[in-house]
Amino acid sequence: MTLQGHGVRYRTQAGPGQLDGEPFDDVVLVRRYRCRDCSAVVTVMPMGLLPRVRYRPVAIVIGLALWAAGVASAAVRRQVSPAPTRAAEASRGWASLGRWARRGFSWWKLRPTGRGTRGRDSVEALLQRLAGRAQEPGRDLVAAAIQAVSLFKGHGLCAPEELAPTT
C-alpha cells in the first residue's frame, strides 16, 4: 500500500473543552491520503476525536452526565452546544443525547453492561466504566470520565502503565 497526500478537510468540533468551560466551535484540520494501488481515500484526524461526530468527547461526557442527572435535554444543550436550541427540539428533546447514550460504549471500546445500552439507564454505567479507566480514579465520576476520554487514542482507552495488561 502506497499512500499519497490527497488534500485536507476542515472539521468543526463543538462543545466545551473542559468540565467548567464555555461551549465553542473550533475548526480542526483533517488530512486525507489516497492509496496509489486501490485508489481508496483514508482520512487521518488528530487523536482523541471521534469519527463522524461533531462534538468533542468532553462535551459528550458532560452532556450525558447532566442528562443522566435528570436535567432537561434543552438545558443540557444550552450548556454543551454553542448552537441555539431549535424550536422543534424544545418540545421533543435533543436527539443527540440518545444517540450518544447508544453509541458511547462502542466509541470508547467498552463492553456494554447488563443494564442495556439505550437511554438514560445506560449512561451511568457508561460513565462508571469510563471513570474506571482514568489515571486518577478517586476523583468525582464526571471528572474521572472526562480524564479517561482525554486519554483516548482511537484504538481504545489507555490505562495507566502500571494497570496495563502485560500479556
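The values are calculated or read from the model by the stated rules, or taken from the named source; none is laboratory data. What you are looking at is a predicted structure, and each value in this text was computed from that prediction instead of being measured. Cβ atoms come from the backbone with ideal geometry, glycine included; neighbour counts cover every protein chain shown.
Here's a check for you: in the range 1-31, which residue that is part of a loop (DSSP other than H, G, I, E, B) and hydrophobic (A, V, I, L, M, F, W, C) is surrounded by the fewest Cβ atoms within 10 Å (Cβ to Cβ)?
Checked the range 1-31; the qualifying residue surrounded by the fewest Cβ atoms within 10 Å (Cβ to Cβ) is M1.
Filter the range 61-76 down to residues that are touching a residue at least 40 places away in the same chain (Cβ under 8 Å) and either in contact with a strand residue (DSSP E or B) (Cβ under 6 Å, 6 or more places away or on another chain) or within 15 Å of G15 (Cβ to Cβ) (or both), then give me how many there are.
Adding up the residues that qualify gives 6.
Return a yes/no flag: does the range 53-62 have any residue that is surrounded by fewer than 15 Cβ atoms within 10 Å (Cβ to Cβ) and either out of contact with any helix residue (DSSP H, G or I) (no Cβ under 6 Å at 6 or more places or on another chain) or modelled with pLDDT of 90 or more (or both).
no
Kindly list, by first and then second residue, each pair from a residue in the range 9-29 that is at positive phi to a residue that is part of a strand (DSSP E or B) and of a type in the set (F, W, Y), limited to pairs with Cβ atoms under 9 Å and residues at least 6 apart or on different chains.
G15/F24; G15/Y55
From (1) surrounded by 12 or more Cβ atoms within 10 Å (Cβ to Cβ); (2) under 26 Å from D20 (Cα atoms); (3) at pLDDT 70 or above, pick out the condition that doesn't hold for P160.
So the condition that P160 fails would be (3).
Quick one: C38 ticks every box in (1) assigned to a loop (DSSP other than H, G, I, E, B); (2) modelled with pLDDT of 90 or more; (3) closer than 28 Å to R129 by Cα except a single one, so which number is it?
Here C38 meets the rest and fails (3).
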